[in-house]
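The values are calculated or read from the model by the stated rules, or taken from the named source; none is laboratory data. Since we're looking at a predicted model, the values are computed, not measured. Every residue, glycine among them, receives a Cβ derived from its backbone with ideal geometry; neighbour counts consider all protein chains shown. Just the protein is used for accessible areas: all its heavy atoms, side chains included, with ligands, DNA and RNA removed. Shrake-Rupley method; radii C 1.70, N 1.55, O 1.52, S 1.80 Å.
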Amino acid sequence: MPKTIRILSIDGGGIRGLIPAVILGKLERLTGQPIAHLFDLVAGTSTGGILALGLSRPGPDGRPLFAAEKMAELYEKEGNTIFTTSLWRKIRSVGSLTEERYPAHGIESVLKHYFGASRLKDACTDVLVPSYEIERRVPFFFRSAMARERADYDFPMWLAARATSAAPTYFEPAKVPAGQDHWALIDGGVFANNPAACALVEARTRYPEATDFVVVSVGTGIRLKRFAIEDAQKWGAARWLRPVLDIVLDGGSATVDYQLRQLIGADYHRFQASLQPGEDAMDDVRPKTLRALRLQAEGLCRERAGELIALADRLVAIGRSRQKLAA
C-alpha cells in the first residue's frame, strides 16, 4: 500500500483550460513522464474535467494517448468549434436570457473526436470528475474506480466530459443514460469549481493507510475585474446573471485553496495566474486572447520555476521508491 499519494486537481474555466494544459506540459517535460504516471488521482471540473480525462485516456498500447501540450491544442485549434453559434441563435437567446448561448453539437463533436470509444474504466490513472444532477438535486461524481467495479457507472469518456462542462447559460444540460432512467447533469463548477478538496477526500477513502498526500492544484486564472458597489446596487436579475456565475466559481475556488493550505501545508502546491480584464472570459477564442492565456501560463512557469523543478523531482522520486518496493 503506497504511503504517499500524489493528487492533481484542475479547476474549471472554459477556454482558460489552456493555462493548466501549458503548466502541466512543463511538468511533463521536466519529468519525462506523462501526467497519468505522475499522479495516483487526477480530479478535474468542467474544462479541468476534460483535461483530467484527456490526460488519462489510454492509447492502443495502454499508455496515455495525449500529452498535456496536445490537450493545449484542443483549446487553440478547437475553441471556435466548441464556442460557435449562429447569428439567429444570438438574437433568439437574447444574451443567454432565453436559452443557452451555444448549441451542444460543437462541443460534442470535439469531445467525440478526442475521446473516441474510451470509457471511464479505461483511465490510465484514477480520475474524479464532478458534475451536478439537477433533477435529483445532488452532486454527481464520475469515478474511474467505481466504473471498474460497477458497469452501470462506466460511461464513455466523452460523455463524462460533456456533462462536467455543461456550464449554465453556456451549454444545455447533458442527459446521460442510466439503465432505464437517466441523469440530468450540469457543470460541476456550480459546487466544486476547484475539486482539490473532493480529490483529497476521495484519496483518503481509496487509500486509508496512506500517511502523506502531495496535492498539486492548477487554476485557470483568477479575474482581477472588480464590481463597483455603485453599479451592483442597481442590478436586477438580468444584470446579475453573468457576474454571479463568475463570483460563485472564483469564490468557491479561493475557499478550497485556503482550506487545502491549512490541511496539507508544504505538500500543497497551487498554481494560479492573474487575468486582466479582456482576457478572462470563458468563451473568448480570439487568437489574441489565446495567445495572452498561453503567455500567462508560461510566465507563471518562469516565476515558479524552482518550485516546479522540486515538485517534478518529488513526484518522480515517489514513483521510483514504489518500483523498488515492488521489485
Please list, in chain and number order, the residues 5+ apart from L41 or on another chain whose amide H is under 5 Å from its amide H, with Hs placed from the backbone. R6, L8
For the chain, take N as its residue count and report Rg(C-alpha) divided by 2.2 N^0.38 Å. 0.96
Show me, for the range 20-32, the HN-Hα J-couplings you get by feeding each phi into the Karplus relation (A = 6.51, B = -1.76, C = 1.60, θ = phi - 60°), rounded to Hz, glycine and proline as x. x, 4, 5, 5, 5, x, 4, 5, 5, 5, 5, 9, x
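Please work out whether the range 95-149 counts as rounded, prolate or oblate from its C-alpha gyration tensor, where a ≥ b ≥ c are the square roots of the eigenvalues and a/c under 1.5 means rounded, while otherwise a/b larger than b/c means prolate and anything else oblate?
It comes out oblate by the Cα gyration axes.
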Given the whole protein assembly as supplied and a 1.4 Å probe, what does the accessible area of H37 come to in Å², nearest 10? 70 Å²
Sequence-distant lysines (8 or more away, or on other chains) whose Cα lies within less than 23 Å of K175: K112, K121
Summing +1 for each Lys or Arg and -1 for each Asp or Glu, what net charge is found among the other residues whose Cβ lies under 12 Å from the Cβ of L24? +1
Give me P(r) over the range 72-225, computed from all C-alpha to C-alpha distances, binned every 10 Å, as integer percentages. 10, 33, 37, 16, 3, 0
Does a label point 7 Å from the Cα of H182, set along Cα-to-beta-carbon, have any residues of the range 123-151 with amide nitrogen under 18 Å, and which are they? 131-138, 140
Of A237, A203, A310, the most mobile residue in a GNM of the chain (C-alpha springs, cutoff 10 Å) is A237
For K324, give me every one of the lysines with a C-alpha distance below 21 angstrom, ignoring sequence neighbours fewer than eight places off in its own chain. K3
Under a 10 Å cutoff between Cα atoms, tell me which one of A317, A67, A147 has the largest fluctuation in the Gaussian network model of the chain. A317
Nitroxide proxy distance, nm - points 7 Å out along Cα→Cβ at V244 and A266: 4.5 nm
Calculate, for the chain, the solvent-accessible area per residue in square angstrom, rolling a 1.4 angstrom probe over the heavy atoms of the protein chains. 45 Å²
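Counting Lys and Arg as +1 and Asp and Glu as -1, what is the net charge of the other residues whose Cβ lies under 13 Å from the Cβ of T164?
That works out to -1.
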A correct Karplus calculation of ³J(HN,Hα) over the range 246-253, with 6.51 cos²θ - 1.76 cosθ + 1.60, θ = phi - 60°, whole Hz and x for Gly and Pro, returns 4, 5, 4, 5, 5, x, x, 5
If I build a Gaussian network model for the chain, linking alpha-carbon pairs within less than 10 angstrom, which residue out of K175, K234, K121 has the largest mean-square fluctuation? K234
List, in order, the whole-Hz ³J(HN,Hα) value for each residue of the range 103-114 obtained from phi through the Karplus relation with A = 6.51, B = -1.76, C = 1.60 and θ = phi - 60°; use x for Gly and Pro. x, 6, 5, x, 5, 5, 5, 5, 5, 5, 5, 7
Would you calculate, for the chain, the mean residue ellipticity at 222 nm contributed by helices, counting each DSSP H stretch of 4 or more residues as -39,500 (n - 2.57) and dividing by all residues, to the nearest 500? -15000 deg cm²/dmol
Carbon and sulfur atoms account, in whole percent of the 1.4 Å probe accessible area of the chain, for 54 percent
For a quick check: with amide H placed at 1.01 Å from N, whose amide H comes under 5 Å from F142's, ignoring anything fewer than 5 positions away on the same chain? V129, S131
Once amide H atoms are built 1.01 Å from N in the peptide plane, which residues 5 or more positions from T220, or in another chain, come under 5 Å H to H? D11
